[in-house]
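Enquirer: One structure is given below, represented as structure tokens, and several questions about it will come after.
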């Protein structure tokens, strides 16, 4: 199936047939001097990731939707092949076709390696990694059974300098214990779902008191760490670690064999990238300041996964990066600076925690929504060696009652991982998403990727997704692919 595409003039982009996003205008987007911004594709529905093949073909992931009140939208893998001019991505015009389809709301990140397109699939009860033959389109599941059915996302996949596949999976619960708020995610369909640790842990037995959303009446109920909703934990109870845990980071052969757990305790490891220094960097989102285990002022961050530098098969004990008890600053969730304005303060869940693997390579403002990343490997674009990280943006006030958190994110930053510093690279002229100001700029950057020739940075914009009262509402056909090129 070929999708019709036309070269849209600037005038056309200012009068789009989508009421939620009626205009696009690159002039409303700020980038450093010497760079130009343009729209490559518009009208995408919930795009979540993308990947370049060596010949310049770009694969785009549309996540799709089944959530009410949104209409059904299919989850598609689109193939965008530039035509004319530079075959490695120099021409914004091209042919767009459907390469494959996944179940709605499941596909996330993607990468191309060895003649295959690899896609992280959020799944239903378990997440997986699937791959498609580029020449045949044949779909194969190479990794399955990662605990999911909850709030957070699979990460990657990416391939390292060693030729191995690296991937991740976020937490089932929002803040460490399955609570009623989690039934707004996938747990309503899978009430037995819960987090699983990556190594043996001893619990405090400090359970969270709440109400039973599965009962006819709101009876009180207790829930413990690493337990299904309504199941308490006992003091000094030992929970066995699992290789297929939640909050984990793994590596495996390209066919999924030889799976090795490198790390756990990474709350939402959506973005993954290898730097020119050979290190694996993983983005992560901080705790929410909401609910019966609320945590305040937890920064978003980028972790350096130390065990990715080890010999394959040599990791006996995975590193622990803090979830569910330690924030990105290395402080416990129950310390004064992390006590919430709204919600119930968190208590210790793990009685004998492993050693913390921090600090992060980079610390960002809370609720910035750090997402996918890519590394500049070209002198042609400039900023060589910088890690370009998308910030999807805040969901406050759902995730934070603090007014200063509302505009965090909604940009792409360039990170100097050696110094732990960053600066804006792409943002709107006014903080926040374009729809908040009625302008034609960016909404929610979810992924970025450099073209194979190293001349351009492509930025995938999820589209309009805002908090309306107590609801989180997203709109189809509002996603955009932007391109930034150095003059």
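Enquirer: Please order 165, 259 by the number of other Cβ within 10 Å, starting at the fewest.
Expert: The most exposed by this proxy come first: 259, 165.
Enquirer: Separate question: Can you compute the radius of gyration and Dmax for the range 138-185, using only the Cα atoms, both in Å?
Expert: Radius of gyration, then largest Cα-Cα span, for the range 138-185: 14.0, 43 Å.
Enquirer: So if I take the centroid of the Cα atoms in the range 15-50 and the same for the range 391-438, what is the distance between those two points in Å?
Expert: Cα centroid of the range 15-50 versus Cα centroid of the range 391-438: 17 Å apart.
Enquirer: Something else: State, to one decimal in nm, how far the label point of residue 487 lies from the label point of residue 429, with both points 7 Å from Cα in the Cβ direction.
Expert: For the pair residue 487/residue 429, the computed spacing is 1.7 nm.
Enquirer: Okay, next question. With just the Cα atoms defining each centre, how far is the range 231-306 from the range 95-116? Give it in Å.
Expert: If we compute the Cα centre of each part, the gap is 24 Å.
Enquirer: Still on this structure, please answer the following. Residue 96 to residue 335: extension gain in nm, 0.36 nm per residue of separation minus the Cα-Cα distance?
Expert: 80.9 nm
Enquirer: Hey, fewest Cβ within 10 Å first, where do 261, 164 land in order?
Expert: 164, 261
Enquirer: Write down the Å³ per residue value for the convex hull defined by the alpha carbon atoms of the range 151-363.
Expert: Per residue, the Cα convex hull of the range 151-363 comes to 110 Å³.
Enquirer: Between residue 380 and residue 317, what is the spin-label point distance in nm, taking each point 7 Å from the Cα along the Cα→C-beta axis?
Expert: Roughly 4.8 nm, to one decimal.
Enquirer: In whole percent, what relative contact order does the chain give with Cα contacts below 8 Å and a gap of six or more residues?
Expert: 15
Enquirer: Which ordering of 227, 419, 122, 244 is given by a fewest-first count of other beta-carbon atoms within 10 Å?
Expert: So the ranking, lowest neighbour count to highest, is 419, 244, 227, 122.
Enquirer: A follow-up question, please. Taking R0 as 60 Å, what's the FRET efficiency between residue 215 and residue 25 from their Cβ-Cβ distance, rounded to 0.05?
Expert: 0.70
Enquirer: For the range 172-256, what size does the Cα cloud have along each of its three principal axes, sorted from largest down, in whole Å?
Expert: Over the range 172-256, Cα extents along the principal axes are 49, 30, 16 Å.
Enquirer: Fully extended, how many nm does the chain gain between residue 257 and residue 416 (0.36 nm per residue separation, minus their Cα-Cα distance)?
Expert: The span from residue 257 to residue 416 would gain 53.8 nm if fully extended.
Enquirer: Just the number, please: percent antiparallel of the DSSP beta bridges in the chain, rounded to the nearest 5.
Expert: In the chain, DSSP labels about 95 percent of beta bridges as antiparallel.
Enquirer: If you take the C-alpha gyration tensor of the chain, multiply each eigenvalue by 5 and take the square root, what semi-axes do you get, largest first, in whole Å?
Expert: Equivalent ellipsoid of the chain: 35, 25, 22 Å, largest first.
No lab work stands behind these numbers, since they all come straight from the coordinates. Keep in mind the model is a prediction, meaning the values are calculated, not measured. Note that we place each Cβ from the backbone using ideal geometry, even for glycine, and neighbour counts take in every protein chain shown.
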